[in-house]
Amino acid sequence: MNYLYFGIGTGLGAVIRFLTTNIFKQNNLGLYATFLVNMVGCLIAGIIFALNQNSLVIVGMFGFIGGLTTFSTFNAENANFYFSYQFKNIFIYMLSSYSLGLILCGLGFLLTSGLSK
Amino acid sequence: MNIFLIFISGMFGGLLRYSISDYIIFSSFPLITLLINLSGAFFLPFWTDYLGAKIGFSEKYTKILGTGFIGSFTTFSGMILDSYKLLQVHQTNLFFIYLFLNVVCGLVLAILGDNLANHLNERKQL
C-alpha cells in the first residue's frame, strides 16, 4: 500500500514540475522553474518530517516532494553554465539552492514542530 | 497525453528510488540518496544527449523519460532533508562532507555525462 501512495505522489510531483517548467520555459526562464520547485519541495520536506507520522498520506507526500524536486536537472543546468563559461552563475545557482533549501527545510520543520506543541 | 506519460514515468522513477532506499539503509550516513542522485546527475545529460536518440526515441519521448523518470529518480528535497537530519543530530562534519560530495560530484558527473555524450556523438559522425 505504501508503494501505491508513494508512486501516485511521485507521479503528481513530476507532473507539477513538468507543467511549471513548461510555463516558465515559454518566457525562457526554465531555470527558475527548477529552482522554484526545489525550494517548495524543501519547505514541504521540513513540514512533513516534523509531523513525524507514518500515515499513507505522509508517505504520499514524501513521494510527491521526491517527484517535484530534482537533483539531476539541477546539475544538468549547472553543467550547461559550465559549457557556456558562466562560472559565476554556477556559484550563484548552487549557493542559493543549497543554502535556501536548507533554510526552508529548517523553517518548515521548526514552525511545524512549534505549532504542534 | 504528455501529462499522463510524465505521471507514469515519474511514478516509476520515484518507486525505483523508494524500493532501493527501502532495502538498503545506512544508519549514520545517507549514502543511498547520494548514490541515487549522483547516478542520475550523470545519466540525465548522457540519456538526453546520446542514449535516448541511440535507442531510437524521438526527442519528445527522450525528454519525457528524462524529465519524468530520471528527474523523479533523483531528489533535491530528500538530499536537503538528509543534510538537515545530520545537523539535528550534531553530525556537523558528516553534514559538510555530505554537502561537499553533492555539490562537487553532482556538477562534475553532470559535466562528464555531457562530455561523454558529445564524445560518442562525434565518433559516430566520423
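The values are calculated or read from the model by the stated rules, or taken from the named source; none is laboratory data. From a predicted model like this one, the values you see are computed outputs, not experimental measurements. Virtual Cβ from ideal backbone geometry, glycine too; neighbours counted across all protein chains shown. These accessible areas exclude ligands, DNA and RNA; they are computed on the full protein's heavy atoms, side chains included. Shrake-Rupley method; radii C 1.70, N 1.55, O 1.52, S 1.80 Å.
Before moving on, here are some points about what is shown:
- Criterion applied to A:N2, A:N27 was being at pLDDT below 95, open to solvent by 60 Å² or more (accessible area, probe 1.4 Å) and within 11 Å of chain B (Cβ to nearest Cβ), and the one residue passing it is A:N2.
- Annotation note: Cβ proximity below 8 Å between a residue of the stretch B:88-112 that is more than 9 Å from chain A (Cβ to nearest Cβ) and a residue that is outside any helix (DSSP H, G or I) and among the small types (G, A, S) (sequence gap 6+ or interchain) occurs for B:Q91/B:S28; B:L94/B:S28.
- Yes/no for A:Y32 being free of Cβ contacts under 8 Å to residues at least 40 places away in the same chain, on the phi < 0 side of the Ramachandran plot, within 11 Å of chain B (Cβ to nearest Cβ) and open to solvent by 60 Å² or more (accessible area, probe 1.4 Å): no
- Meets criteria (assigned to a helix (DSSP H, G or I), polar (S, T, N, Q) and surrounded by fewer than 20 Cβ atoms within 10 Å (Cβ to Cβ)) for A:T20: yes
- Residue check for A:N52: open to solvent by less than 30 Å² (accessible area, probe 1.4 Å) and over 15 Å from B:S77 (Cβ atoms): no
- Output for the stretch A:62-105, where each listed residue is within 12 Å of the chain's Cα centre (by Cα) and hydrophobic (A, V, I, L, M, F, W, C): A:F62, A:F64, A:I65, A:L68, A:F71, A:F74, A:L100, A:L102, A:L104, A:C105
- Checking B:T67, B:T33, B:T62, B:T74 one by one, the residue that is open to solvent by 20 Å² or more (accessible area, probe 1.4 Å) and in contact with a Gly (Cβ under 7 Å, 6 or more places away or on another chain) is B:T33 and no other.
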